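The values are calculated or read from the model by the stated rules, or taken from the named source; none is laboratory data. Not measured: the values here are computed from a predicted model. Using ideal geometry, Cβ is built from the backbone for each residue, glycine included, and neighbour counts are taken over all protein chains shown.
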Amino acid sequence: MSAPTVRPPADRGRTTPERGDGRPAPRVRAPGQLLQRAMFYAHLWVGVLFTVVLLVVAVTGILLNHKRGLGLMPDPEHTPTAPLAAALPIADLAERARLAAGLPADASLVDRMDVRPDKGFVKVRFDDPGWTEVTVDLASGRAIHVGQRGDVFMEQLHSGELLGGGWVLLTDAAAVALVLLLGSGYWLWLAPRWRRR
């Protein structure tokens, strides 16, 4: 006496046609079911593969949105001491910032200069290990603030630039993955409802 055949719950009540050799024929899926299955696996594996990158991009994005409140970007209060026309030459301001930071004489150390005419100062950021930034008065050249920019690390981690130029493509891939996850997620949610209607 042979043991009774037990089918999974999803197959109960269905009859499976048999081949000529007595084995059950493979079940043919409708095109809609194939697309649904493909969307499910795309959603699953894209999510698994890009989880860490998407989490890093999301968390660093939140921190960058609140960098002033978190103290990652110094923003000193300052009233302009003279009009913009009286500002010192840009090279002189960079040199005064370098001296205030105590950095070696190397013009390539200046990463960027952010001039704020409404506040009467320029922020000089250096490409040193600590990402030092010096805020200098435009007219007098006096150093208002010397400190480190904590948000530069976050910016470079957010963009992938921290690990090298090629890693920026990984954050691009993560953005594409996010679009795929959104699209496949909506499809998995909407497709069954459309079929029921």
task = Could you check VAL179 against (1) in contact with a Leu (Cβ under 7 Å, 6 or more places away or on another chain); (2) at pLDDT 90 or above; (3) not assigned by TED's automatic domain parsing to the domain that holds GLY120 and say which number it fails?
result = (1)
request  = Within region 168-191, track down each residue that is within 20 Å of ARG37 (Cα to Cα) and either surrounded by 13 or more Cβ atoms within 10 Å (Cβ to Cβ) or touching a residue at least 60 places away in the same chain (Cβ under 8 Å) (or both).
outcome  = ALA177, LEU178, LEU180, LEU181, GLY183, SER184, GLY185, TRP187, LEU188, ALA191
request  = Filter region 128-140 for residues that are in a loop (DSSP other than H, G, I, E, B) and within 19 Å of GLU77 (Cα to Cα) and give the result.
outcome  = LEU138, ALA139, SER140
task = Would you mention how many residues in region 141-179 are in contact with a Lys or Arg (Cβ under 9 Å, 6 or more places away or on another chain) and not in a helix (DSSP H, G or I)?
result = 6
query = Taking into account only those residues within region 122-151 that are more than 25 Å from ALA85 (Cα to Cα) and touching a Pro at 6+ places or on another chain (Cβ under 8 Å), which is surrounded by the most Cβ atoms within 10 Å (Cβ to Cβ)?
reply = ARG149
key: Selection status of PHE50, of a type in the set (Phe, Trp, Tyr) and touching a residue at least 60 places away in the same chain (Cβ under 8 Å)   = yes
query = Among all residue pairs at least 6 apart or on different chains, which show Cβ distances below 6 Å where the first residue, located in region 143-155, is within 25 Å of GLU95 (Cβ to Cβ) and the second is assigned to a helix (DSSP H, G or I) and among the aliphatic types (A, V, I, L, M)?
reply = ALA143/ALA100; VAL146/ALA100; VAL146/ALA101
